[in-house]
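Visitor: Pasting a structure below so you can have a look.
Please treat every number below as a calculation from the coordinates, not as lab data. Worth saying up front: this structure is predicted, and the values here are computed from it rather than measured. Here the Cβ is made from the backbone with ideal geometry for all residues, glycine too, and neighbour counts use every protein chain on show.
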């Protein structure tokens with residue numbers, strides 16, 4: 001059956017079987033919205049097992065000691081924590097509340113790492129109290145942590161966040177260069193308080209080549225640290241492990257080609273001819289690359305197989321020779337297939353110049369990451385309890401905030417079977433970052449509730465009943 005809704009230039013989402021069953025049951029979807037409100041975040045964490053196995057198999061093929069830490073910031077549910085821990089992973093946390101919730105959920109301190117970009121004293125103390133590794137970003141953090149460790153009499157395990165010195169890699173706000181860390185360690189006696197257990201780095205983008213470069217830099221820093229009597233045992237490459245939301249590469253190419261050819265002022269493809277950061281037919285860096293060929297396991301294999309110019313040793317060999325564990329902190333790629341957002345149509349109308357609009361009971365922060373847009377076709381569900389006549393139409397999706405640019409998505413959509421108040425719109429594969437990373441309760445609108453699959457039922461995730469400190 002053809003879709004009831006698609007982009008003017010389609011970008012058809014890859015769906016998990018559980019998503020297909022859900023959107024194929026309009027009665028259930030309507031009942032869930034009536035009970036829990038709109039929008040509603042729905043989770044089934046079973047695909048995480050497959051995603052984890054894919055990464056582990058790639059590491060095992062190269063005989064590399066390997067551990068995965070789920071990036072908690074990608075999805076705030078406690079169900080995601082439970083699934084990751086059940087799979088033998090750790091958790092990467094980026095705030096006091098994220099750490100506190102994990103500890104209260106029973107996650108052992110040695111299965112956690114704190115990578116917060118800015119760390120409060122309360123966060124540092126909580127990590128120290130529970131034996132959690134901290135990724136240190138700068139000297140001020142290190143001195144704060146040293147003081148807390150001295151007060152408690154505990155020796156704290158740390159990872160030094162490394163900023164690359166390679167000219168091919170863009171400057172970063174995260175971490176310090178190797179020579180800066182070595183200079184600090186030589187000038188400051190940490191022997192009684194802090195123990196350098198590893199190296200950590202954060203890179204923008206998804207380049208396997210760049211990760212291999214910084215991995216080599218990290219191993220060189222480990223060599224230098226060991227010469228100075230430190231005993232680092234791991235390198236953590238952070239996140240940025242790619243995934244693909246679309247199966248059809250041609251759709252991805254066609255979309256950007258059509259966008260490049262769009263006349264100025266033509267809104268048949270995007271709101272106000274928005275180019276989404278592109279200057280031609282090449283996909284823009286302002287949006288996530290929703291179609292990628294090299295993902296997860298194959299991508300990690302490429303990192304491990306990499307060699308430097310003029311050298312024969314692979315990254316995998318260098319790790320094994322030093323007895324260094326490789327760690328990573330995926331969010332999006334681990335949560336691939338684990339979430340879907342459901343919203344109710346509030347109205348249909350036109351802009352003052354006649355442009356059709358479909359309003360939803362949600363706001364644009366509830367299906368968006370930090371990129372310019374979410375580039376998947378939503379799924380329209382014709383509700384049996386909808387009100388109004390449906391006629392073939394096209395429109396933009398708008399949301400609840402009282403601003404002109406309150407677009408749920410900036411793409412233009414076709415509704416071959418029509419749409420009316422009370423129908424439902426499903427946004428596929430939103431579990432990684434797209435639900436929670438920038439969600440806002442502006443206007444004092446409630447945040448979306450979060451459900452997870454509990455056997456044959458949908459149950460509230462415990463995060464929605466917690467009182468955050």
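Visitor: On alpha carbon coordinates alone, what is the Rg over Rh value for the chain, Rh being the Kirkwood radius?
Guide: That ratio equals 1.00.
Visitor: Using Cα centres only, tell me the gap between the stretch 393-418 and the stretch 238-317 in whole Å.
Guide: Value for the Cα centre distance between the two parts: 25 Å.
Visitor: Stretched out fully, how many nm does the piece from residue 179 to residue 438 gain, at 0.36 nm a residue minus the Cα gap?
Guide: Once the chain is fully extended between residue 179 and residue 438, it gains 89.7 nm.
Visitor: Tell me whether the stretch 123-270 comes out rounded, prolate or oblate; compute the Cα gyration tensor, take square roots of the eigenvalues as a ≥ b ≥ c, and use a/c under 1.5 as the rounded threshold. Kindly include the intermediate steps, with their values, before the conclusion.
Guide: Working: a/c = 3.01, a/b = 2.37, b/c = 1.27.
Taking the square roots of the gyration eigenvalues as a ≥ b ≥ c, the stretch 123-270 is prolate.
Visitor: Here's another thing I want to ask about it. Quick one: grab the alpha carbon gyration tensor of the stretch 60-100, order the square roots of its eigenvalues as a ≥ b ≥ c, and give me rounded if a/c is under 1.5, else prolate or oblate depending on whether a/b is larger than b/c.
Guide: The shape class here is prolate.
Visitor: Using only DSSP helix segments of four residues or longer, with each worth -39500 (n - 2.57), what per-residue ellipticity at 222 nm results for the chain after dividing by its residue count and rounding to 500?
Guide: -8500 deg cm²/dmol
Visitor: With only alpha-carbon atoms in the gyration tensor, what are the semi-axes of the equivalent ellipsoid for the stretch 320-382, in Å, largest first?
Guide: The answer is 41, 13, 9 Å, longest axis first.
Visitor: Another question, then. Quick one: helix 47-61 against the long Cα principal axis of the chain, what's the angle to the nearest 10°, folded into 0 to 90?
Guide: 40 degrees
Visitor: Also: Once Rh for the stretch 301-442 is found with the Kirkwood sum over Cα pairs, what is the Stokes-Einstein diffusion coefficient at 25 °C and 0.890 mPa s, in µm²/s?
Guide: 136 µm²/s
Visitor: Here's another thing I want to ask about it. In whole angstrom, how far apart do the alpha carbon centroids of the stretch 174-227 and the stretch 30-74 sit?
Guide: The stretch 174-227 and the stretch 30-74 have Cα centres separated by 29 Å.
Visitor: On to the next question. At 4 °C and 1.567 mPa s, grab the translational diffusion coefficient of the stretch 110-195 from Stokes-Einstein with a Kirkwood Rh over Cα pairs, rounded to a whole number in µm² per second.
Guide: 97 µm²/s
Visitor: Further, regarding this structure: Return the equivalent ellipsoid semi-axes of the stretch 407-469 as a descending list in whole Å, where each equals the square root of 5 times an eigenvalue of the C-alpha gyration tensor.
Guide: Values: eigenvalues 139, 65, 31 Å².
Over the Cα atoms of the stretch 407-469, the semi-axes work out to 26, 18, 12 Å.
Visitor: Once you keep just the Cα pairs under 8 angstrom separated by 6 or more residues, what percentage relative contact order results for the chain?
Guide: Relative contact order, the chain: 25 percent.
Visitor: Could you work out the equivalent-ellipsoid semi-axes for the stretch 380-419, taking the square root of 5 times each eigenvalue of the Cα gyration tensor, largest first, in whole Å?
Guide: For the stretch 380-419, the ellipsoid semi-axes come out as 22, 13, 8 Å.
Visitor: Okay, moving on. Kirkwood hydrodynamic radius for the stretch 195-276: how many Å is it when counted over pairs of different Cα atoms?
Guide: 16.5 Å
Visitor: Here's a follow-up. Nearest 5 is fine: what % of DSSP beta bridges in the chain come out antiparallel, could you say?
Guide: Bridges in the chain that DSSP calls antiparallel: roughly 50 percent.
Visitor: Kirkwood-based Rg over Rh for the stretch 281-320 (C-alpha set), two decimals?
Guide: That ratio is 1.16, to two decimals.
Visitor: Sticking with this one: Relative to the longest principal axis of the C-alpha atoms of the chain, give the angle of the C-alpha long axis of helix 26-36, reported between 0 and 90° and rounded to the nearest 10°.
Guide: That helix lies at roughly 60 degrees to the long axis.
Visitor: Find the percent of Cα-Cα distances in the stretch 73-134 that exceed 13 Å, and round it to a whole number.
Guide: 55 percent
Visitor: Now for a different question. Would you mind computing Rg(Cα) / (2.2 N^0.38 Å) for the stretch 140-181, counting N as its residues?
Guide: Cα Rg divided by the expected 2.2 N^0.38 Å: 1.49.
Visitor: If eta is 1.002 mPa s and T is 20 °C, what Stokes-Einstein diffusion coefficient results for the stretch 36-87, Kirkwood Rh from Cα pairs, in µm²/s?
Guide: 169 µm²/s
Visitor: Please report the Cα spread of the stretch 228-375 along all three principal axes, rounded to whole Å, starting with the longest.
Guide: 70, 33, 30
Visitor: So for each of 109-122, 421-434 I average, over its residues, the number of other beta carbons within 10 Å; can you give me the resulting order with the highest mean first?
Guide: 421-434, 109-122
Visitor: Let a ≥ b ≥ c be the square roots of the eigenvalues of the Cα gyration tensor of the stretch 30-130; is it rounded (a/c under 1.5), or, if not, prolate (a/b larger than b/c) or oblate?
Guide: Judged from the Cα gyration tensor, the stretch 30-130 comes out oblate (a/c at least 1.5, b/c at or above a/b).
Visitor: For helix 249-260, what angle does its Cα long axis make with the longest principal axis of the chain, in degrees from 0 to 90 and rounded to 10?
Guide: Helix 249-260 sits at roughly 70 degrees to that axis.
Visitor: Hey, got the Cα dimensions of the stretch 343-420 along the principal axes, in Å, largest first?
Guide: Cα spread of the stretch 343-420 along its principal axes, largest to smallest: 36, 27, 19 Å.
Visitor: Give me 18, 181, 252 sorted ascending by neighbouring Cβ count inside 10 Å, so fewest comes first.
Guide: Numbers: 18 17, 181 23, 252 20.
Result, fewest neighbours first: 18, 252, 181.
Visitor: Specify, per residue and in Å³, the volume enclosed by the convex hull of the alpha carbon atoms belonging to the stretch 1-67.
Guide: Convex hull volume per residue, Cα atoms: 159 Å³.
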